[in-house]
Every structure is written in structure tokens, then in C-alpha cells.
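Have a look at the structure below before the remarks.
The values are calculated or read from the model by the stated rules, or taken from the named source; none is laboratory data. These figures come from a predicted structure and were not determined experimentally. Here Cβ is always computed from backbone atoms with ideal geometry, including for glycine, and neighbour counts include all displayed protein chains. Quick note on the areas: whole protein, heavy atoms, side chains included, nothing else; ligands and nucleic acids left out. Shrake-Rupley method; radii C 1.70, N 1.55, O 1.52, S 1.80 Å.
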Amino acid sequence: QKDIVLDAPLTVAKNVALDLNGYDITYTSDAAAHSAMITVTGSMIVRDAVGDGKIVYTYTGTGDKTFGWGSYTINNCGTLTVEGGTIEMSTSLNGAGSVVHMHCAINAGYGAKATAIYGGTVKNATYRSIRVNHGTLAVNGGTIIGQIWMQPSQAGTDPERQWDQVR
């Protein structure tokens, strides 16, 4: 019933349906290590009955120069479904001395079962919006602003799925 400013990251370990109802959930961090605004280990559905609510992680740090870590608005290690609202990574990094591809609105990381976009907007105007490093990605609607990066699984972890991740 109001905008929410987080002072710490959240973990969604159960099954949650979140209706933004036109409101925003925001988080700002300059973490110099792997970080996520929301980590999903259970399942989460994001909806917005009104249509203009947002989940926004504003990263203000200097970024990684060695591909060692990244920051994500939602780090999906379970099941994530986006039906509405906007999920955004906001950063001023532009590639000059930092690795901006590791700052994404949605990361499908190890343990991710499925990531599905049916509506709403997924946005990183700086570079990549979605990074899939494990699991699957289904895009059946919505708007994506920025790139989708399909990274093959790490060597030896899941070789049969290295390039067969998009449905």
C-alpha cells in the first residue's frame, strides 16, 4: 500500500505472489562483492494490477574489473515468473574499467529451475537485462530493454544444457 525502500537484501525461500499494485520497491548499494536485491530460492511471481510498479536495484559502486562477481535486482535460484510491473537494474557503469555485463535486472543462477517472462518490463538500459547461467528462460510477452545473455553452464557441471537453455 506504499512504496518500500529496502535497507537490506531479501531472500524469498517460499512460494510468493507479489502484486506491486502500482508501488515501487527499491534498494541502493555500492557492494564490492556479489550482491542481489532479491534472491529467490523458492518461487516468486511478480504481478502489477495497476501496471506502473517497479522493483529497482540502484548500484552505485565501481563494479568488478575481473569477472569475479556481479549485482542483480533478482537473483533467481528457484522459479521466477514475471507477469507485470518493471524489474530494473540501474547503474551508471558504462564499461569504462568495469564489467557491466555482471549487473543485470535478472540473473538465472545455479539452482534456477525456470525463469519466465509473460508480461511487464525487464530493464537494464546500460547493457544486459537478463543473464542465464543455468536453468531455462521462456519469454512469451512483455518488454525487455537491454540484452539477454545466455551463458553456457560451467565446464563439467551440466554439459548437455550448455546451449539448449532458451525455449
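Quick notes
- Counting lysine pairs in the chain whose alpha carbons fall under 28 angstrom apart, excluding pairs fewer than 8 residues apart on the same chain, gives 10.
- Positive end of the dipole of the chain (Cβ unit charges, origin at the Cα centre): among Tyr59, Ser90, Tyr110, the Cα lying farthest that way belongs to Tyr110.
- Volume of the Cα convex hull of region 1-95, divided per residue and given in Å³: 100 Å³
- Over the chain, accessible surface divided per residue gives 47 Å², non-protein components excluded, 1.4 Å probe.
- Ligands, DNA and RNA left out, the accessible area of the chain computed with a 1.4 Å probe is 51% carbon and sulfur.
- Given +1 at the Cβ of Lys and Arg, -1 at the Cβ of Asp and Glu and no other charges, the dipole of the chain around its Cα centre is 240 debye to the nearest 20.
- Per-peptide average of other Cβ atoms within 10 Å, ordering 85-93, 11-19 highest first: 85-93, 11-19
- Near Leu20, the amide H atoms lying under 5 Å from its own belong to Arg47, Asp48, Ala49; only residues 5 or more places off or on other chains count, and H is placed 1.01 Å from N.
- Working from label points 7 Å from Cα in the Cα-to-Cβ sense, the Val16 to Gln147 distance is 3.0 nm.
- Per residue, the convex hull spanned by the alpha carbons of the chain comes to 102 Å³.
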